[in-house]
Amino acid sequence: MGSSLKPVGVWAVTNCNLRQPSLSCCRPVGDLGQMAESWHGNYDTGSQSDDSYKFERLHIEPIYDAFFCPLTKQVMRDPVTLENGQTFEREAIEKWFRECKESGRKLVCPLTLKELKTADLKPSIALRNTIEEWNARNEAAQLDMARKSLNPSSSESEVLLALKYVQQICQKSRSNKHVARNAGLIPMIVDMLKNGSRKVRCKALETLKTVVEEDSDNKEILADGDTVRTIVKFLSHEQSKEREEAVSLLYELSKSEALCEKIGSINGAILMLVGMTTSKSDNILTVENAEKTLENLEKCENNVRQMAENGRLQPLLTQIREGPPETKLSMSNFLGELVLDNDIKVLVAKSVGSSLINILRTGNMQSREAALKALNQISSCEASAKVLIEAGILPSLVKDLFTVGTNQLPMRLKEVAATILANVVNSDYDFDSILVGPDHQTLVSEDIVHNLLHLISNTGPAIESKLLQVLVGLTSSPSTVISVVAAIKSSGAIISLVQFIEAPQKELRVASIKLLQNLSPHVGQELADALRGTVGQLGSLIKVISENIAITDEQAAAIGLLAELPERDLGLARQMLDDGAFKLVYSRVVKIRQGGSKGGRFVTPFLEGLVRVLARVTLVLADEQDAIALCRELNLADLFIELLQTNGLDNVQMSSATALENLSQESKNLTRLPELPTPGFCASIFPCFSQQPAINGLCRLHRGTCSLKESFCLLEGQAVDKLVALLDHTNEKVVEAALAALSTLLDDGVDIEQGVMLLCEAEGVKPILDVLLEKRTENLRRRAVWVVERLLRSDEIAYEVSGDPNVSTALVDAFQHADYRTRQIAERALKHVDRLPNFSGVFPNVG
């Protein structure tokens with residue numbers, strides 16, 4: 001360089017004042033001079049802070065005047081020389097030339113202000129090499145100083161200054177990142193992550209990001225040991241700067257496929273990142289970095305599985321839809337193992353339902369198995385099942401179940417297919433309109449149902465229970481039950497189905513009982529005949545009901561099946577009496593009433609079934625003396641009166657009122673009439689001696705000795721008021737049952753006048769008339785007309801009613817439009833209120 005390289009001083013590491021070269025000898029004048037003078041303030045030398053630049057200005061070797069650009073007053077990076085021999089920073093002199101041109105001035109040298117002939121620039125290669133060598137030596141020395149500052153004994157300010165310097169030199173060039181690596185700085189920065197100062201930890205994270213950015217070697221070093229685990233721990237710091245810097249660093253690391261697996265292997269990493277993507281408290285940049293990190297981590301299949309486990313399902317679903325065959329297989333298998341909420345099942349069904357069904361149709365056996373497992377998982381929700389139905393799952397399932405030969409599914413997979421089909425048919429869908437086979441076959445076509453029944457009879461318990469559940473679903477819908485019942489009857493399978501009641505496998509037993517319960521309204525007598533056999537299925541049903549456990553769906557179905565069987569089947573009632581079934585049912589009702597049974601949602605259907613079955617015994621009182629004895633022994637009349645007040649349980653109230661009707665009808669036959677003395681000789685001559693003595697304590701209604709327990713007298717049981725209260729019920733079936741029970745007070749064989757008085761005393765006349773006026777159902781009108789006619793036999797009531805045009809209108813309507821018997825009764829009622837002439841006095845009886 002010769003004498004042109006004059007040193008401006010040797011700087012100790014503590015010197016913070018860098019002397020700039022003097023330019024007073026060539027200070028320009030005039031406008032151009034002012035323009036040149038303003039350059040030092042206007043030229044952007046970077047965004048270094050005073051603190052960070054302070055570290056960079058600590059030089060070990062002397063610095064020369066020739067290193068400085070006269071315009072920028074900074075050490076040059078790319079020195080160039082003008083035609084007059086002056087040297088400048090390329091970027092600065094090019095800017096000077098542009099401004100001269102833009103302002104319309106001559107092209108002049110900014111130092112001499114003499115006009116230049118050309119704007120050509122000649123690179124000063126030797127000077128640039130010298131500056132680079134000088135920079136390298138000084139940066140190495142400065143890095144060494146930074147290295148010495150990165151230790152636990154340094155102050156916070158020293159460590160922060162060192163970290164800032166390392167960050168800045170790494171930002172200058174990729175080669176400096178290699179220098180930092182070779183200097184062993186990366187482990188030292190990592191150690192700063194455990195520093196007690198939050199500022200130091202944040203700066204260390206920020207510096208590490210700069211050091212590893214676009215440098216695979218540095219990332220590899222950072223991946224050693226527990227460094228990544230330490231970085232992940234910062235994600236748990238809520239709403240902190242450390243959390244933001246950690247996410248930013250992880251995003252940079254995740255650009256390396258090798259590190260993706262490392263990050264995902266750290267417990268909780270993916271869970272925390274997934275949580276951050278939906279965070280409302282983190283800033284937008286942090287959320288975006290978490291999202292981009294997860295997108296990078298999707299390169300690893302294990303990470304995709306973890307994301308799915310933690311609620312981020314889209315990567316998994318994308319792989320199932322778009323991945324290569326082996327990936328589709330593994331991801332479908334994994335989907336089959338996930339536990340999903342119902343809402344998620346719907347989303348999954350919409351996203352990959354069609355893809356899985358396509359695999360089921362065209363894949364190899366291994367792929368079909370994976371697809372079946374996944375479909376089994378997502379079909380167990382009604383809404384998702386409907387999505388799968390619309391995607392065309394039914395034909396594939398039916399084909400897989402019924403196909404035999406080389407391509408048939410093994411039995412364990414047929415069980416999965418049957419499970420999916422059971423899930424699907426338990427959704428509310430019109431299966432009668434969906435084609436599943438040739439010749440316009442649907443799930444409820446006779447051939448399909450016969451095939452299902454054939455499989456049920458020729459497979460093991462596991463698949464049998466699933467296929468029975470399919471039939472349970474099909475018979476639960478009013479639109480399909482008739483077709484299924486017809487197919488079952490034509491196959492003669494009822495006896496075979498009844499036999500499953502005795503199966504030792506609970507799932508199989510429950511499915512069969514539920515199916516028989518659905519069938520019982522349609523084939524009740526056939527079921528009753530089968531249960532009355534000597535095989536013992538009735539006893540098995542009773543055993544299920546008697547289990548003293550929390551009430552189950554099996555018990556609710558078993559009692560529901562018994563309740564649906566023909567009510568007046570004397571043979572069934574006789575067997576139930578002999579087997580002690582009614583006593584057992586009574587004890588379960590009492591236990592529930594006392595609060596001794598638990599069972600959640602099954603308590604109500606179980607209690608309703610129990611009361612219906614118990615009421616059955618009151619239907620055979622006239623034919624079975626044992627039934628009367630049982631009712632007396634258990635005081636059933638009293639229990640049914642109590643059950644009238646179970647508000648909210650309409651079926652219980654209705655069955656109880658019906659049972660009381662049956663018991664009350666038998667009261668007139670069970671009342672003990674008083675034994676009156678035979679009139680003597682004098683009474684035959686003198687009528688005054690024939691008057692019978694008055695007997696106290698007799699029932700007003702039945703004219704004998706009555707009790708609730710022995711003769712089931714409603715009057716003695718104080719049931720009239722409770723039955724009248726039910727006439728205002730919103731359920732017309734409850735009203736009808738209550739009115740039927742009250743009508744026994746006016747029946748032939750009792751003192752009707754007293755019955756009318758009892759209803760008057762209970763304020764029941766108006767509610768009965770209201771029932772007539774409302775005309776809610778034909779059955780209710782028929783019953784109300786009968787009762788009103790009996791009431792109108794009382795002159796006082798007839799007189800009052802005759803003034804009510806509404807009642808007369810209702811009776812006239814019944815007289816004109818009701819069935820024949822009701823019209824006759826309405827005619828008599830209208831005569832009581834003088835709306836029709838009574839000709840009995842005009843035409844005397846003849847003969």
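The values are calculated or read from the model by the stated rules, or taken from the named source; none is laboratory data. Computed from a prediction, not measured in an experiment: that's the story for all the values here. Positions of Cβ are generated from backbone atoms using ideal geometry, with glycine treated the same way; all protein chains shown enter the neighbour counts. Side chains are part of the model used for accessible areas, which takes the heavy atoms of the whole protein and leaves out ligands, DNA and RNA. Shrake-Rupley method; radii C 1.70, N 1.55, O 1.52, S 1.80 Å.
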In the range 780-806, residues that are within 17 Å of residue 825 (Cα to Cα) and outside any helix (DSSP H, G or I) total 3
Kindly indicate the residue of the range 86-103 that is free of Cβ contacts under 8 Å to residues at least 12 places away in the same chain and open to solvent by 70 Å² or more (accessible area, probe 1.4 Å) and also nearest to residue 69 (Cα to Cα) among those meeting that condition. 98
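Yes or no, residue by residue, for (1) of a type in the set (Lys, Arg); (2) closer than 30 Å to residue 442 by Cα; (3) open to solvent by 10 Å² or more (accessible area, probe 1.4 Å); (4) without any contact (Cβ under 8 Å) to a residue 12 or more places away in the chain:
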residue	(1), (2), (3), (4)
489	yes, yes, yes, no
525	no, yes, yes, no
543	yes, no, yes, yes
554	no, yes, no, no
Out of all the residues in the range 170-179, which are closer than 16 Å to residue 221 by Cβ and either open to solvent by 40 Å² or more (accessible area, probe 1.4 Å) or over 56 Å from the mean Cα position of the chain (by Cα) (or both)? 174, 178, 179
Out of (1) without any contact (Cβ under 8 Å) to a residue 24 or more places away in the chain; (2) closer than 18 Å to residue 399 by Cβ; (3) open to solvent by 40 Å² or more (accessible area, probe 1.4 Å), the odd one out for residue 341 is which? (2)
Condition first: crowded, with 20+ Cβ neighbours inside 10 Å and within 28 Å of residue 498 (Cα to Cα). Can you find one or more residues in the range 626-636 that meet it? yes
Can you find even one residue in the range 630-649 that is at positive phi and in contact (Cβ under 8 Å) with a residue 12 or more places away in the chain? yes
Any idea which of 356, 347 is at pLDDT 95 or above and either farther than 24 Å from residue 434 by Cα or crowded, with 24+ Cβ neighbours inside 10 Å (or both)? 356
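Out of the residues in the range 157-169 that are open to solvent by less than 20 Å² (accessible area, probe 1.4 Å) and within 52 Å of the chain's Cα centre (by Cα), state the one that is farthest from residue 213 (Cα to Cα).
163
One line per residue, one yes/no per condition, for (1) more than 28 Å from residue 352 (Cα to Cα); (2) over 25 Å from the mean Cα position of the chain (by Cα); (3) open to solvent by less than 10 Å² (accessible area, probe 1.4 Å); (4) aliphatic (A, V, I, L, M):
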{"residue": "383", "(1), (2), (3), (4)": "no, no, no, yes"}
{"residue": "387", "(1), (2), (3), (4)": "no, no, no, yes"}
{"residue": "426", "(1), (2), (3), (4)": "no, no, no, no"}
{"residue": "446", "(1), (2), (3), (4)": "yes, yes, no, no"}
Unique match (being of a type in the set (Lys, Arg) and closer than 26 Å to residue 175 by Cα) among 203, 280, 299: 203
Counting only residues that are touching an Asp or Glu at 6+ places or on another chain (Cβ under 7 Å) and over 20 Å from residue 490 (Cβ atoms), which one in the range 452-469 is surrounded by the most Cβ atoms within 10 Å (Cβ to Cβ)? 466
Determine which member of the set 484, 472 is assigned to a helix (DSSP H, G or I), modelled with pLDDT of 95 or more and open to solvent by 10 Å² or more (accessible area, probe 1.4 Å). 472
For the range 487-515, what are the residues that are aliphatic (A, V, I, L, M), over 22 Å from residue 552 (Cα atoms) and assigned to a helix (DSSP H, G or I)? 487, 488, 494, 495
Residues that are among the basic types (Lys, Arg): which helices (runs of 4 or more DSSP H) entirely in the range 521-582 hold 1 or more of them? 537-546, 570-578
Given the criterion among the aromatic types (Phe, Trp, Tyr) and over 23 Å from residue 572 (Cβ atoms), identify the matching residue among 606, 640, 602. 602
What residue, among those in the range 247-262 that are in contact with a Cys (Cβ under 9 Å, 6 or more places away or on another chain) and open to solvent by less than 80 Å² (accessible area, probe 1.4 Å), is farthest from residue 286 (Cα to Cα)? 260
Please give the number of the condition residue 182 fails out of (1) within 53 Å of the chain's Cα centre (by Cα); (2) open to solvent by 60 Å² or more (accessible area, probe 1.4 Å); (3) not hydrophobic (A, V, I, L, M, F, W, C). (1)
Restricting to the range 439-469, name every residue that is assigned to a loop (DSSP other than H, G, I, E, B), within 18 Å of residue 395 (Cα to Cα) and not charged (D, E, K, R). 440, 442, 443, 444, 445
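Every residue, every condition in (1) touching a helix residue (DSSP H, G or I) at 6+ places or on another chain (Cβ under 6 Å); (2) at pLDDT below 95, yes or no:
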site: 529; (1), (2): no, yes
site: 535; (1), (2): no, yes
site: 543; (1), (2): no, yes
site: 554; (1), (2): yes, yes
site: 567; (1), (2): yes, yes
site: 571; (1), (2): no, yes
site: 591; (1), (2): no, yes
site: 615; (1), (2): yes, no
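Hey, could you check the range 597-625 for residues that are of a type in the set (Gly, Ala, Ser) and surrounded by 16 or more Cβ atoms within 10 Å (Cβ to Cβ) and say which is farthest from residue 661 (Cα to Cα)?
Ranking the candidates gives 599 first.
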Taking the range 143-156, which residues are within 55 Å of the chain's Cα centre (by Cα) and buried (at least 16 other Cβ atoms within 10 Å of the Cβ)? 150
Residue check, residue 131 within 24 Å of residue 67 (Cα to Cα), loosely packed, with under 12 Cβ neighbours inside 10 Å and modelled with pLDDT of 90 or more: no
Do any residues in the range 206-232 that are hydrophobic (A, V, I, L, M, F, W, C) have Cβ atoms under 6 Å from those of residues that are outside any helix (DSSP H, G or I) and surrounded by fewer than 21 Cβ atoms within 10 Å (Cβ to Cβ), where the two are at least six apart or on different chains, and which pairs are they? 232/266
In this structure, does residue 705 turn out to be touching a Ser or Thr at 6+ places or on another chain (Cβ under 8 Å), modelled with pLDDT under 95 and surrounded by 22 or more Cβ atoms within 10 Å (Cβ to Cβ)? no
Consider residue 547 carefully, then state whether it is acidic (Asp, Glu) and open to solvent by 50 Å² or more (accessible area, probe 1.4 Å). yes
